[in-house]
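Enquirer: Below you will find the structure I want to go over with you.
The values are calculated or read from the model by the stated rules, or taken from the named source; none is laboratory data. Just so it is clear, the model here is predicted, and its values are computed rather than measured. A quick note on method: Cβ atoms are made from the backbone with ideal geometry, for glycine too, and the neighbour counts reach across all protein chains shown.
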Amino acid sequence: MQLIPSTAAVPLADTPPVRPGLGELTRDLGLVYGCDYNPEQWPREVWTEDVALMQAAGINLVTVGVFSWALLEPRPGELELDWLGDVLDLLHAGGIAVDLATPTASPPAWLGLRWPETRAVTPDGVRLSHGSRNHFCPSSPVYRERAMTIAGALVSRFASHPAVRMWHIGNEYGQVCHCDLCGEAFQAWLQRRYGTVDELNRAWGTSFWSQRYDDWAEIVPPRAAPYLINPTQALDYRRFASDQLLALYVEQRDLVRRANPAVPVTTNFMGFHPLTDYWRWAPQVDVVADDLYGDPADGDSPLRQALANDLMRGLGAGQPWLLMEQAASGVNWRAHNPPKTPGRMRLDSLRAIARGADGSCFFQWRQSAFGAERFHSALVPHAGPDTRLHRAVRAHGAELRGLGRVVGARVEARAALAFDWSSWWAAEEPAAPSERLRVLDQLLAYYRPLWRAGIAVDVVHPGMDLSGYDLVVAPQLYLVDDDGVRTLRGVVARGGVLLLGPFSGVADTDAHIRLGRFPVPFADLVGGSGEEFCPLPDGGVPVRSATLGDFRAEVWGERLRLDDGEAVATFAGGDLAGSPAVLRRRDPSGGSAWYVGTLPPQAVLDQIVSRCVVAAGVVGALGRSAGPGTVLPAGIEAFRRGAVLFLLNSATEPRDVPIGGSHRDLLTGAELSGCVRLGPDGVVALLEEASPDAS
Ligand code: GLA
C-alpha cells in the first residue's frame, strides 16, 4: 500500500470534475436524517431495538465506527471485524444507510505504548498520553501506516457492502503536534513553499532579533520560548499543521476511492475552527459536512449558527452540504450545560436545511451509559424512548419527509462576506495594537444586520471569483494576498459595493506590513488613507455624523485623512478629533467602497451595512415589498432556498410576518396567506401556491 509521504503538500484543487456528492444519498433517501451510532457500547440485543427505533424515527443514515479502532484491532495486526459486519447487515436489513468511518481519530493504547512517537507533543514538550482520544501525531510514519492499515482492512471487507453509502474519514481533524517528526515535516513543507533558505529568511523577516537561518535543519516548530515567536513562523506553522492533517485525510480518502469510486467520501468540519483552513480542505471532500453545537444559553446562538451554515454553503461553492453533528439537547463539555428545548432542536435543524443542508444529523443515537460523554444528550436518552426528547426526534423525522422539495435546491446570494483563515491567524498573532479587536466578533457584527434583514450571504474566500456578488463585505481582512486585492477591487470596478472593516488590507501573504498609507491596496478606492492605528481609551470617544447620527466609538480608531472620498463620520474628541472615522467613495464605475476605521455601536454599523445593501440593490428573502435592508421582526429569520421561503422565530414571543399571496407550509400542509403567525421556536417552509413548483 502506498503512503503519501508525511511531508506531502496538498494542492488546493486536484479533485476530478465529477465526483459523487450528497445527491448519491438523497436521490433515494430524500433529506438525510441521521446520527452517529456507537453500537460497540451496547449489547447485541440493544442493536435490534435500535434499528426498530431508528425506523420509527425516520433515521435513514448512521455514522458507524468512528471510535472503534481498539475493538477492530485489539492487538497489532489482529483484526476482529465480524461484529461490525453484523452491525452493517442489521442496519441494511432495516433499510438504514451507513456512513462508515475509518476509526483513526483515536488509536488504541498499544499503538502509543509500543511506538511512543505516535503520540503528539505540546509546545511545552509534554508527550500526550492515551486514555482520551485524538492523541496521535500526524507526522508519525508509524501512526500513518497503522491508520492506513486499519482503514485498508475496513475497505477490503466493507467497500462493497450495500449498507455503505458514504465514507467518513477520521473525525474532526483539528489538532497540532510540536514533536521532532513534525519539525522535520515542517522543514520539508517550508522547502516546498520557499525553495531556498534565503527566500525563507526574507519571508520570515529573520533579520529581526538575530533569527537568521543557515540551514533548513535549524528550523523548529513554535515551541515554549522566552518571548514572542516570529509571527510568520507561527503563521506558517498553522498553515503547515492544517495541511499535515489534510494529507492524512487525503491518503485515506484515496484508499477508499480506489476501492469504490462511486461512494462519496467526507470528514466532519467544525465551523470556524481555528486550526484548519477549510478553504484548502473543502475541494478535497465530496460532501461538505459540519459539526455545529449551538449554545442554547447564548442569545446569539441563532446568529452564530446561521453564519456557520453560510460558511458551509460557501465552502462547497453552493452545493448542498450536510449537518453531520449537533446536539439533540445539552452537551457535556461547556462549564454549564442547559438542555435545548425540543422546539430549539427542531429550529436549529431546520435552519441548516433552510441554509442549504440536504440533511440533519446528530451526535449521537443512544446516550452513553459510561465514558466521558455520559452526560451528552442523544436521540435516545438514558430514560429511553418514552421521553419528550425522543418524541420530538420522531416528530422531526416525520416532518422532514415533507421537505423533499428542497433537496438539491440552491440558495441565490448576491451578497458575500469575505473570510480567510490565514488572515484570521495573522491578525490575532500576539503583539498587535489591540487584543480586543477580534476577527470573529467583527464577522458577526457585520453579518448581523444582513441576517436580520433576511439577506442571503455566502461566506467567500477573498481570492475567489466574486463576479456573482453585488455586495462584498470584508469585516476585518488584515492579510490579503495579491489575488485577494485584485478580486476585491474588481467588485467596485464592476459597479458593486465593497465594505471594508477596520485593520483590513494591512499585511501581505507573508504577514509583512504593506508599506504606505493604509489600507494600502484599497486607499484609492475608499478615498482616504491612514497612518496610525489608535486603540481607543476605555469609554470610547465621540464621533459626529450627519448621516448616521452621533455615536461613541469603542476599542479601535485609526488616524485617517480624507483624499477624494467623503467622511461619513468624523472623530469629535480625543487625539483623533477631526480625523474621519468612516469613509466612502463613489467610483466612476457606479460602484462604491466604504472603509470603517473604528468599532461603531451595532445600531450604527447596522445603518452602514443597510446603506451598502441599498446601494448594491440587494434584497432580502421577503423581496422588495419589505424594502431593501428592511429589518424583520426581532427574532425572525427569513431565508429562501430554491422556491421555498423559510421563516424561523427564535424569539420567546409569537411574531407576525407579512408574506403576501397564498402559500402552503410544507412542514404541516397548512394553507397560509397574508400574514403568518409564528410561535416561539416556530418554523414554516412556505411554497407560493402560484409557484410553478407548487403542484
Ligand atoms: C464532536 C465529536 C463527537 C462527540 C461530540 C460531542 O462533535 O465528533 O465524537 O465528541 O463532539 O459534542
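Enquirer: Restricting the range 256-277 to residues that are part of a helix (DSSP H, G or I) and surrounded by fewer than 23 Cβ atoms within 10 Å (Cβ to Cβ), which is nearest to the ligand (Cβ to nearest atom)? Full working, then the answer.
Expert: Here is the first cut: in the range 256-277, the residues part of a helix (DSSP H, G or I) are 256-259.
Adding the requirement that they be surrounded by fewer than 23 Cβ atoms within 10 Å (Cβ to Cβ) leaves 257-259.
Details: 257: 23, 258: 26, 259: 24 Å.
Going through the qualifying residues, I end up with 257.
Enquirer: Going by what's in this entry, would residue 302 be described as under 30 Å from residue 453 (Cβ atoms), more than 13 Å from the chain's Cα centre (by Cα) and assigned to a helix (DSSP H, G or I)?
Expert: Yes.
Enquirer: Still on this structure, I have one more. Tell me, please, whether a residue that is farther than 20 Å from residue 73 by Cβ, at pLDDT 95 or above and not in a strand (DSSP E or B) can be found in the range 95-116.
Expert: yes
Enquirer: Of the residues 131, 125, which is assigned to a loop (DSSP other than H, G, I, E, B) and within 16 Å of the ligand (Cβ to nearest atom)?
Expert: Numbers: 125 fails: within 16 Å of the ligand (Cβ to nearest atom).
None of the others qualify; the one that does is 131.
Enquirer: Sticking with this one: Considering only residues of the range 486-516 that are more than 24 Å from residue 202 (Cβ to Cβ) and among the charged types (D, E, K, R), which is surrounded by the most Cβ atoms within 10 Å (Cβ to Cβ)? Full working, then the answer.
Expert: Step one: list which residues in the range 486-516 are more than 24 Å from residue 202 (Cβ to Cβ), which gives 487-504.
Narrowing further to those that are among the charged types (D, E, K, R): 489, 494.
Working: 489: 17, 494: 15.
Checked the range 486-516; the qualifying residue surrounded by the most Cβ atoms within 10 Å (Cβ to Cβ) is 489.
Enquirer: From the residues in the range 288-303 that are within 16 Å of the ligand (Cβ to nearest atom) and not small (Gly, Ala, Ser), which one is surrounded by the fewest Cβ atoms within 10 Å (Cβ to Cβ)?
Expert: 298
Enquirer: If a residue has to be within 30 Å of residue 28 (Cβ to Cβ) and either within 16 Å of the ligand (Cβ to nearest atom) or of a type outside the set (A, V, I, L, M, F, W, C) (or both) to count, how many in the range 92-122 make the cut?
Expert: Residues flagged as within 30 Å of residue 28 (Cβ to Cβ) and either within 16 Å of the ligand (Cβ to nearest atom) or of a type outside the set (A, V, I, L, M, F, W, C) (or both) within the range 92-122 amount to 10.
Enquirer: Does the range 58-77 include one or more residues that are polar (S, T, N, Q) and more than 26 Å from residue 284 (Cα to Cα)? Break it down stepwise before answering.
Expert: Quick first cut of the range 58-77, residues polar (S, T, N, Q) only: 60, 63, 68.
Imposing the further condition that a residue be more than 26 Å from residue 284 (Cα to Cα) reduces the set to none.
No, the conditions are met nowhere in the range 58-77.
Enquirer: Please pick out the residue among 335, 317, 328 that is more than 20 Å from residue 645 (Cα to Cα), modelled with pLDDT of 95 or more and buried (at least 22 other Cβ atoms within 10 Å of the Cβ).
Expert: Criteria check complete, one pass: 328.
Enquirer: Now for a separate question. Can you pull out every residue in the range 348-384 that is in a loop (DSSP other than H, G, I, E, B), away from the ligand (no atom under 16 Å from the Cβ) and in contact (Cβ under 8 Å) with a residue 24 or more places away in the chain?
Expert: Those that are in a loop (DSSP other than H, G, I, E, B), away from the ligand (no atom under 16 Å from the Cβ) and in contact (Cβ under 8 Å) with a residue 24 or more places away in the chain: 355, 356.
Enquirer: While we're on this one: Suppose we filter 97, 93, 105, 109 for residues that are aliphatic (A, V, I, L, M) and under 25 Å from the mean Cα position of the chain (by Cα); which single one remains?
Expert: After applying the criteria, what remains is 105.
Enquirer: Moving on. I'm checking my understanding of the structure. Among residues of the range 318-339 that are more than 14 Å from the ligand (Cβ to nearest atom) and in contact (Cβ under 8 Å) with a residue 24 or more places away in the chain, which one is nearest to the chain's Cα centre (by Cα)?
Expert: 321
Enquirer: Could you list, in sequence order, all residues of the range 169-226 that are part of a helix (DSSP H, G or I) and on the phi > 0 side of the Ramachandran plot?
Expert: 209, 210
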